[in-house]
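A.B. asks: My structure is below; once you've seen it, I'll send some questions.
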Amino acid sequence: MKITTEISLLLKSAWGDFRRDKVRTALTSLGITIGVLSVVLLIALGLGLKNYIEQTFESLGANLVMVMPGSGISSNGPAGMVGGGAEFDEKDVRDVRNIPNLKYVVPVYFRSIAISSADAEKIGYLMGVNEELFPLMDVKTVTGELWGKTDVGKKAKVAVLGYTIADDLFERPEDALGKTIRVESLRLKVVGIVEKTGDRETDRSAMIPYTATFGSLNPKKTFWAVYLGVPDEEMVSGVKGEAERILLKRYDKDEFSVTEQSEILKTVNQIFGIINLILIAIGSISLLVGGVGIMNIMYATVTERTREVGIRRALGATKRDILLQFLTESVVLSVFGGLIGLLLAALIVVIVRIWFPVALNLLAVVLAIGVSSAIGIFFGVFPAKKAADLSPMEAIRYE
Amino acid sequence: MKTTSSIISLKNVFKEYLLGDGSVFVALKNINFEIHQGEFSAIIGPSGSGKSTLMHVVGLLDKPSRGEIIINGKDVAKMNDNQTSVLRNSYVGFVFQQFNLLNKLTIKENILLPATYCKEKLDFDADQRAEMLMEKFGIISKKDSFPNKISGGQQQRVAVARALLMKPQLILADEPTGNLDHKTGNEIIDLFEELNKSENITIVMVTHEMEIAERTRRQIRILDGEIVNDNK
Ligand SMILES: Nc1ncnc2c1ncn2[C@@H]1O[C@H](COP(=O)(O)OP(=O)(O)O)[C@@H](O)[C@H]1O
Ligand SMILES: [Mg+2]
């Protein structure tokens, strides 16, 4: 018999069996359905988180080099005032300005702090920067204007508010325009409100001239970071090297770090790679449980169908015929369950996408189908072997 | 009958079962006989005398503990599972007391089942042959029914049709009338008689009813696993 005819006969026979026992078929497949569903959804969630973070990073300008204290993002968060490391000052800013091929140099004073309007108070971020931040980060206002170079020069008490903080402090974000906000003893006039960016920190920031922080807020006149804007991606590594060379004159190697955005992205990708693996491992447990479920049912089936095996053997079925018959059933059951799981997962992903950038990838699909057929074979082979090894005589005498 | 060839021969066949308590139960003791082409014979004996065991050994569903079973000049003991499966598939046809049809297959699918286990290309059209047999046995109108929807007599006809599908050399019937009423049982024996006479099909039938056994030409009497009489 040709292999294709054999397979089609086996599938037909399995299909016939399932049709006659729909409830059991559905219940047996359910375990795999749930397993595949959870694995695929967890992968989708992992990918979604990654997409989300990447989108956030993309909202920062393209060719950004960040000079930060400590040994990079791993040791110090944005509120990186804690611990040792460099505290940059205006001299550092002047020094790095000498680097060739630089388009923007932005000193960044950054602090999580209470910001209040006449009738509300919220925790937001105070960003003391210069006007070069706006083109570097592609900041645009919905209403009002951005402050400029002269405001930095005259220590103007002006602020550009992120959309969320403006919304929190005033009835409508646009209402903030022209009003006064207060940060500790500093009173600032709101001159512009920024478009919603989707970036948590930007949306909650009050951006003011860094010179305005000099005083009780920032008596030492230091900065948390210095952002460098490079016009062309190819110049990034050159700028990075030069910045390191200049800063090493003043600081120790482990007191500061110069990172480019792509490096941060790489780290983030690594972290999410690990998170994804963990999620897959968790999902795999439910797949395993589904597989054990199939094995259980198949074992019960073998006992239940001992007589059938005996009859088939009496009519000339070989051990291999019986083995294949039972194996086909468990594989078809689990692949069927897997496909349903995949379908459900796809449906959920399509719906959730409206709110969160979850995604299905080829890996998830391949995993769903591959793993469920592997489970069908692995967990099906033991019961199938048991059926095949039944003695024909004992099977046919079985009551 | 001397001129006809031997289809199957048993020499000094023993079958022993190891019982749960470690003792050995001898179900067949030193069995010797030959079945010839075209014979219609009965194996008779009381319940528990070893008739079914003998059937299973002859039909290659079970192996003897000792002794030789020669089919077509070959010793069954030396065959592997694939080889005995081929013989079960196309050399012998079984008919059982409990009919042993698969309830989830239709009548026609049941009859065709042996063909799906044949590894070689058939020299006849199985589908046509199944139709022909159903026609001949008066069950053609039931071909798409399921076994539990037809009468016992009809089920046994289906079983006989299934046994004949692969044109076997030998039909082995283990108490084929045991689950049928007197009249229906006799109709099955009529069918066997007719197949034996007009198509020269070799039939060995197990029974414990004298009335049924007397309709065959040869009776092999078995008692406690031993042949006590064989009027060949
Ligand atoms: N698998 C087995 N293990 C142990 N004893 C068996 C087994 N099969 C049959 N027997 C015993 O062998 C004897 C013959 O059984 P069987 O061939 O079915 O008799 P019959 O068909 O003549 O009624 C019985 O006593 C039965 O209990
Ligand atoms: Mg019996």
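The values are calculated or read from the model by the stated rules, or taken from the named source; none is laboratory data. Note that the structure is a prediction, hence the values are computed from the model and not measured. Positions of Cβ are generated from backbone atoms using ideal geometry, with glycine treated the same way; all protein chains shown enter the neighbour counts. To get the accessible areas, we keep the full protein, side chains included, count just its heavy atoms, and leave off ligands, DNA and RNA. Shrake-Rupley method; radii C 1.70, N 1.55, O 1.52, S 1.80 Å.
A.B. asks: Restricting the search to the stretch B:194-232, which residues are of a type in the set (A, V, I, L, M, F, W, C) and either surrounded by fewer than 21 Cβ atoms within 10 Å (Cβ to Cβ) or within 16 Å of ligand 2 (Cβ to nearest atom) (or both)?
C.D. replies: Start the filter on the stretch B:194-232 by keeping residues that are of a type in the set (A, V, I, L, M, F, W, C), which leaves B:195, B:201, B:203-206, B:210, B:212-213, B:220, B:222-223, B:227-228.
Once the filter is applied, which keeps residues that are of a type in the set (A, V, I, L, M, F, W, C) and either surrounded by fewer than 21 Cβ atoms within 10 Å (Cβ to Cβ) or within 16 Å of ligand 2 (Cβ to nearest atom) (or both), the stretch B:194-232 yields B:LEU195, B:VAL204, B:MET205, B:VAL206, B:MET210, B:ILE212, B:ALA213, B:ILE220, B:ILE222, B:LEU223, B:ILE227, B:VAL228.
A.B. asks: Give me the residue from the stretch A:292-317 that is away from chain B (no Cβ under 14 Å) and touching a Pro at 6+ places or on another chain (Cβ under 8 Å) and, out of that set, nearest to A:VAL371 (Cα to Cα).
C.D. replies: Only one residue fits best here, namely A:MET295.
A.B. asks: Identify all residues within the stretch A:99-140 that are over 18 Å from A:VAL226 (Cβ atoms), in contact with a strand residue (DSSP E or B) (Cβ under 9 Å, 6 or more places away or on another chain) and in a loop (DSSP other than H, G, I, E, B); write none if there are none. Give the steps one after another, and end with the answer.
C.D. replies: First pass over the stretch A:99-140, keeping only residues over 18 Å from A:VAL226 (Cβ atoms): A:112-124, A:138, A:140.
Of the ones still in play, those that are also in contact with a strand residue (DSSP E or B) (Cβ under 9 Å, 6 or more places away or on another chain) are A:112-118, A:121-124, A:140.
Matches in the stretch A:99-140: A:SER117, A:ALA118, A:LYS140.
A.B. asks: For the stretch B:52-60, does any single residue satisfy the condition of being over 16 Å from the mean Cα position of the chain (by Cα) and among the small types (Gly, Ala, Ser)? Full working, then the answer.
C.D. replies: Of the residues in the stretch B:52-60, the ones over 16 Å from the mean Cα position of the chain (by Cα) are none.
Within the stretch B:52-60, not a single residue is over 16 Å from the mean Cα position of the chain (by Cα) and among the small types (Gly, Ala, Ser).
A.B. asks: Restricting attention to the stretch A:157-185, which residues are surrounded by 18 or more Cβ atoms within 10 Å (Cβ to Cβ), closer than 15 Å to A:GLY124 by Cβ and over 35 Å from the mean Cα position of the chain (by Cα)?
C.D. replies: Correct list: A:ILE181 only.
A.B. asks: Continuing with this model, one more query. Name every residue in the stretch B:96-124 that is more than 16 Å from ligand 2 (Cβ to nearest atom), free of Cβ contacts under 8 Å to residues at least 60 places away in the same chain and under 19 Å from the mean Cα position of the chain (by Cα), in order of residue number. Walk me through it before giving the result.
C.D. replies: Step one: of the stretch B:96-124, the residues more than 16 Å from ligand 2 (Cβ to nearest atom) are B:101-124.
Narrowing the set further to residues that are free of Cβ contacts under 8 Å to residues at least 60 places away in the same chain leaves B:102-124.
Result: B:LEU102, B:ASN110, B:ILE111, B:LEU112, B:LEU113, B:PRO114, B:ALA115, B:TYR117, B:CYS118.
A.B. asks: Let me ask another. Name the residues in the stretch B:23-51 that are open to solvent by 10 Å² or more (accessible area, probe 1.4 Å), near ligand 1 (Cβ under 7 Å from one of its atoms) and hydroxyl-bearing (Ser, Thr, Tyr), would you?
C.D. replies: Selection gives B:SER47 alone.
A.B. asks: Collect the residues in the stretch B:167-221 that are under 15 Å from B:PHE94 (Cβ atoms) and in a helix (DSSP H, G or I), keeping them in residue-number order.
C.D. replies: B:ILE188, B:PHE192, B:LEU195
This table checks each residue for (1) open to solvent by less than 20 Å² (accessible area, probe 1.4 Å); (2) in contact (Cβ under 8 Å) with a residue 24 or more places away in the chain.
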site	(1), (2)
A:GLN325	yes, yes
A:GLY341	yes, yes
A:LEU344	no, yes
A:ASN361	no, yes
A:ILE369	no, yes
A:ILE377	no, yes
A:GLY380	yes, yes
A:SER391	no, no
A:ALA395	yes, yes
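A.B. asks: Given the structure, is B:SER47 more than 12 Å from every other protein chain (Cβ to nearest Cβ) and hydroxyl-bearing (Ser, Thr, Tyr)? Steps first, please.
C.D. replies: Working: more than 12 Å from every other protein chain (Cβ to nearest Cβ): yes; hydroxyl-bearing (Ser, Thr, Tyr): yes.
Spelling it out, B:SER47 is indeed more than 12 Å from every other protein chain (Cβ to nearest Cβ) and hydroxyl-bearing (Ser, Thr, Tyr).
A.B. asks: Consider B:THR84 carefully, then state whether it is more than 8 Å from chain A (Cβ to nearest Cβ), outside any loop (DSSP other than H, G, I, E, B) and closer than 26 Å to B:LYS232 by Cα. Walk me through how you get there before you give the answer.
C.D. replies: On the way: more than 8 Å from chain A (Cβ to nearest Cβ): yes; outside any loop (DSSP other than H, G, I, E, B): yes; closer than 26 Å to B:LYS232 by Cα: no.
Answer is no for this residue.
A.B. asks: For the stretch B:70-80, which residues satisfy the criterion of being within 14 Å of chain A (Cβ to nearest Cβ) and open to solvent by less than 10 Å² (accessible area, probe 1.4 Å)? Walk me through it before giving the result.
C.D. replies: We begin by selecting, within the stretch B:70-80, every residue within 14 Å of chain A (Cβ to nearest Cβ); these are B:76, B:79-80.
Once the filter is applied, which keeps residues that are within 14 Å of chain A (Cβ to nearest Cβ) and open to solvent by less than 10 Å² (accessible area, probe 1.4 Å), the stretch B:70-80 yields only B:VAL76.
A.B. asks: If you don't mind, another one. Do we have any residue at all in the stretch B:52-65 that's surrounded by fewer than 22 Cβ atoms within 10 Å (Cβ to Cβ), in contact (Cβ under 8 Å) with a residue 12 or more places away in the chain and over 15 Å from A:MET393 (Cβ atoms)?
C.D. replies: Among the residues of the stretch B:52-65, not one is surrounded by fewer than 22 Cβ atoms within 10 Å (Cβ to Cβ), in contact (Cβ under 8 Å) with a residue 12 or more places away in the chain and over 15 Å from A:MET393 (Cβ atoms), which makes the answer no.
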